[in-house]
1. Pairs under 9 Å by beta carbon, first residue more than 7 Å from every other protein chain (Cβ to nearest Cβ) and touching a residue at least 60 places away in the same chain (Cβ under 8 Å) in segment B:184-210, partner assigned to a helix (DSSP H, G or I) and acidic (D, E), six or more apart or different chains?
2. In segment B:73-130, which residue that is polar (S, T, N, Q) and assigned to a helix (DSSP H, G or I) is farthest from B:I175 (Cα to Cα)?
3. For the subset of segment B:169-183 comprising residues that are β-branched (V, I, T) and within 27 Å of the chain's Cα centre (by Cα), which member is nearest to the other protein chains (Cβ to nearest Cβ)?
4. Any idea which of (1) within 14 Å of another protein chain (Cβ to nearest Cβ); (2) surrounded by fewer than 22 Cβ atoms within 10 Å (Cβ to Cβ) is the one A:A94 doesn't satisfy?
5. Those residues that are under 26 Å from B:I76 (Cα atoms) and not in a helix (DSSP H, G or I), I need them from segment B:218-266; list them, please.
6. For segment A:135-183, which residues satisfy the criterion of being within 14 Å of chain B (Cβ to nearest Cβ) and over 23 Å from the mean Cα position of the chain (by Cα)?
7. When you go through A:G67, A:G73, A:G101, A:G77 one by one, which is the residue that is within 22 Å of the chain's Cα centre (by Cα), touching a residue at least 60 places away in the same chain (Cβ under 8 Å) and more than 10 Å from chain B (Cβ to nearest Cβ)?
8. Report yes if some residue within segment B:216-233 is of a type in the set (K, R) and within 27 Å of B:N46 (Cα to Cα); otherwise report no.
Amino acid sequence: MSMPALQTMRPMVRAEGVHKRFGRLEVLRGIDLEVQPREVMMLIGPSGSGKSTFLRCINHLEQINAGRIWVDGELVGYRQVGTTLYELHERELAQRRAEIGMVFQRFNLFPHMTALQNVMEAPILVKRVPRNEAAERARRLLERVGLAEKADVYPAQLSGGQQQRVAIARALAMEPKLMLFDEPTSALDPELVGEVLAVMRQLAHDGMTMIVVTHEMQFAREVGDRVVFMDGGVVVEQGPPEEVLANPKHERTRSFLARIL
Amino acid sequence: MAVDVEPGATFTVVPVRRYGQIVLALVVALLVAWLAAAGASSHFVNPAVVGQYLLNPLILGGLANTIFVSIAAMVIGIVLGVVFAVMKMSSNTVLAAVSGFYIWFFRGTPVLVQLIFWFNGVPAVFHDLSLGIPFTHVIFFSMPMVAFMTPLAASLLGLGLNEGAYMAEIVRGGILAVDEGQVEAAQALGMVSAQTMRRIVLPQAMRVIIPPIGNEFISMLKTSSLASVVTFGELLRRASDIYSSNLFVVELLVVASLWYLLLTTVASIGQYYVEKRFARGTARAERETPWQAALRNLMKLRR
C-alpha cells in the first residue's frame with residue numbers, strides 16, 4: 001500500500017464508549033464505532049434502539065453523557081486538555097456542525113423560503129459566500145437533485161420526495177465532509193421513496209462519507225459498505241450488508257430482519 | 001320507503017325551509033328600526049354641528065396626535081415585546097425572572113393607572129432625571145423630572161410599556177409555535193442561535209404574531225384616548241377641550257367616534273394585506289383579497 005492509504009486510516013467518525021440518557025432512560029449504552037472516509041454505513045434496528053440518537057450525537061444536536069466522539073480527528077462538543085473536557089463555545093460548535101450535513105426524517109425545510117433560498121441561506125449566513133455565487137451554486141445543486149425547475153417554489157408546493165431532495169441539496173451546499181441521514185424516506189409515500197434513494201445512491205457513488213439510519217433493507221444492501229445493527233442502545237452486529245442481512249449471526253438481528261422483511 | 005321511478009329520471013331537490021331563521025331576522029330588523037327611529041326623533045345630535053367640527057383644525061391635529069402616539073407606542077411595544085419574549089425564554093434564570101416580573105406587573109395593573117403614575121406619580125417621587133454611573137456621584141446629564149415628563153412622554157411610556165407586556169406574550173407564543181425541527185435544521189447547517197432566531201424562527205413566528213399585532217394596533221388606536229387624562233392633545237382630548245367651552249358634548253363625541261371608526265377600519269384593511277404578505281409559503285397566501293372577493297361578487301350580480 002502507498003502512503004495515501006495510510007492517511008485514509010484516520011476514520012471520519014470514531015465513537016468510543018458513547019452513553020446517552022434521557023432522564024432515567026438509557027438510550028445509548030456504550031457505542032464503539034468507526035466510519036472510514038468515503039464509507040457508506042447503514043444503521044438499522046428497531047425503533048427505540050438508539051440509532052437516531054446516536055446520529056444526532058455525531059453533530060452534537062444531543063449531548064452525550066459519557067464517552068467521546070471524533071469527527072475527522074476533532075473531538076465533538078469538547079476540547080480535551082489532559083483528562084479535562086472543556087465544553088465548546090456555541091460559535092465553535094456551529095463551525096464544526098457546518099462541516100457535517102444532516103438530512104431529517106421530516107425534511108425541516110424552511111417554509112418561508114423558496115427552494116433556492118433554502119439552499120442559499122446557510123452558505124451566505126455561515127460561510128459568508130457572496131449572494132450571487134451562492135445562488136449560482138444552489139441552482140447547480142438543485143439541478144443535481146433533479147429540481148432545477150422548482151427553484152422558486154415554496155416547500156409547501158412540493159411533494160415529500162421533492163422536499164427531501166431540496167433538503168439534501170441544502171445540506172450539500174455547505175460542502176460537508178460527512179452526511180448524516182436520519183430515516184430520510186420514512187415520512188414519504190411509497191412511490192416517492194425511489195427518487196430520494198436515487199439521489200443518495202448517486203451521492204454514495206460520488207464518494208461522500210455517509211451514515212444512514214434507514215428501514216430500506218434493499219437500499220442498505222445495494223448501497224451500504226457496511227451495515228450496523230443496533231438494539232437496546234448497543235451495537236449488536238455489524239459487517240458487510242450481504243453477511244448481516246442475509247446471514248445474521250445474532251438471534252436479535254435474525255428476529256428483527258424476520259419481522260421487517 | 002322506496003318509490004320506483006323510471007331509469008334516468010331527474011330529481012328536484014327541495015332545500016330545508018328554515019322558518020326559525022326568518023322569524024329571528026324579522027324580530028332583529030324590527031328592533032334595529034325602532035332604535036334608528038328613536039335616534040332620529042331625538043334632538044340630542046345636531047348634524048350640522050357634527051359636520052362643522054369634523055374638519056376643525058384642532059380635531060385634525062388631535063387625529064394626527066392619535067395616529068402618532070398609537071404608532072409610536074406600538075413600535076415601543078413591539079421592540080420591548082421581542083426583547084422580553086426572548087428574555088423570558090432564555091436559559092438565564094435572572095433574565096427570565098425579570099421578564100416574568102415585567103409582564104406580570106404591566107399586564108396586571110390598569111393602563112389608566114400606569115399613565116397617571118408616569119405623569120403625576122413619577123415627578124412627585126423623583127425630582128430629577130439623571131444619567132450617570134450608578135452608586136457613584138458621577139453624573140453626565142440631569143434635568144428636572146417635570147420638564148422631561150411631558151404629556152407626550154408620559155403617554156408613550158404608559159402606553160408603550162403596557163403594550164410591551166402584552167406583545168411579549170404574543171411574541172413568545174409565536175416563537176413557541178415554530179416547529180423545533182426548524183431550529184435543529186438551522187443548527188445542523190452551522191447557524192448560531194442569534195442567526196437562527198433572526199433568519200429562521202422570527203420570520204416564521206411573524207405569521208402567528210401578525211394577526212394579534214393587528215388587533216393590538218386597532219385596540220391601541222382606541223386605548224390611546226386614555227392619554228387624554230394626562231392632558232395629551234389627542235383626538236378625545238381635543239374634542240373634550242372644544243365641548244367644555246361650547247357644550248356641544250354629544251356632537252363632538254360623535255365627531256371623535258367617526259374618526260376612530262375611520263382609523264380602525266383603515267387599520268383592519270391594512271392588517272389583511274400584511275397578513276397575506278407574511279403567509280408566504282402557505283396555502284393561505286393564495287386566498288383572494290376582500291377587493292377581489294367584492295369584485296367577483298359584483299360580476300356575479302351582473303350576470
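1. Qualifying pairs under 9 Å: B:R207/B:E275; B:I210/B:E275.
2. Among those that are polar (S, T, N, Q) and assigned to a helix (DSSP H, G or I), it is B:N120.
3. B:V178
4. (2)
5. Once the filter is applied, which keeps residues that are under 26 Å from B:I76 (Cα atoms) and not in a helix (DSSP H, G or I), segment B:218-266 yields B:T231, B:F232, B:G233, B:E234.
6. Selection gives A:K150, A:D152, A:V153, A:Y154, A:A156, A:Q157.
7. That would be A:G73, the only listed residue that is within 22 Å of the chain's Cα centre (by Cα), touching a residue at least 60 places away in the same chain (Cβ under 8 Å) and more than 10 Å from chain B (Cβ to nearest Cβ).
8. yes
The values are calculated or read from the model by the stated rules, or taken from the named source; none is laboratory data. Small disclaimer: the values here were computed from a predicted structure and weren't measured. With ideal geometry, Cβ positions are generated from the backbone for all residues, glycine too; neighbour counts draw on all protein chains shown.
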